[in-house]
Amino acid sequence: THAAGPYNYQNIEIEGIAVYTNNPPAGAFRGFGVTQSAFANECNINKLADMVGLSPWEFRYRNAIRPGQVLPNGQIADEGTALVETLEAVKDAYENNDHVGIACAFKNAGLGVGIPDTGRCRIV
């Protein structure tokens, strides 16, 4: 879900690949690849905004995930989802300054929030 960012997509396909390198594999999810995929996604969001003639802020605002909407992994955004409010709070600062940028990301998306996670132990 981090590869999609905090946006409401109507049509999305995400493909991940693993490659063999001389670096040791990493098994933890926290921090591995999240910042890289968020950076790539936000760069693409800026390009899309430019292609359709919208400001980067306006494009993000129109497509921001809102409570009750479904993320690409099937998770439903809960009432704590406040990207719209966050974008509204920074709008004036973004639009009235020449040397600023904008990007959006989120934490605790994907498995871990709202989807049951079951662990079992069988003692013999």
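The values are calculated or read from the model by the stated rules, or taken from the named source; none is laboratory data. Here the structure is a predicted model, which means the values were calculated and not measured. A quick note on method: Cβ atoms are made from the backbone with ideal geometry, for glycine too, and the neighbour counts reach across all protein chains shown.
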Exercise. Could you tell me which numbered condition Lys107 fails, if it satisfies all but one of (1) of a type outside the set (Val, Ile, Thr); (2) assigned to a loop (DSSP other than H, G, I, E, B); (3) at pLDDT 85 or above; (4) touching a helix residue (DSSP H, G or I) at 6+ places or on another chain (Cβ under 9 Å)?
Key: (3)
Quiz item: What tally of residues in the stretch 77-89 results from selecting those that are of a type in the set (A, V, I, L, M, F, W, C) and within 17 Å of His2 (Cβ to Cβ)?
Solution: 2
Self-check item: Matching residues, the stretch 83-99, being within 12 Å of Ser55 (Cβ to Cβ) and either among the aromatic types (Phe, Trp, Tyr) or under 18 Å from the mean Cα position of the chain (by Cα) (or both)
Solution: Leu87, Tyr94
Practice problem: Would you mind stating whether Ala49 is in contact with a helix residue (DSSP H, G or I) (Cβ under 7 Å, 6 or more places away or on another chain), on the phi < 0 side of the Ramachandran plot and loosely packed, with under 15 Cβ neighbours inside 10 Å? | Solution: no
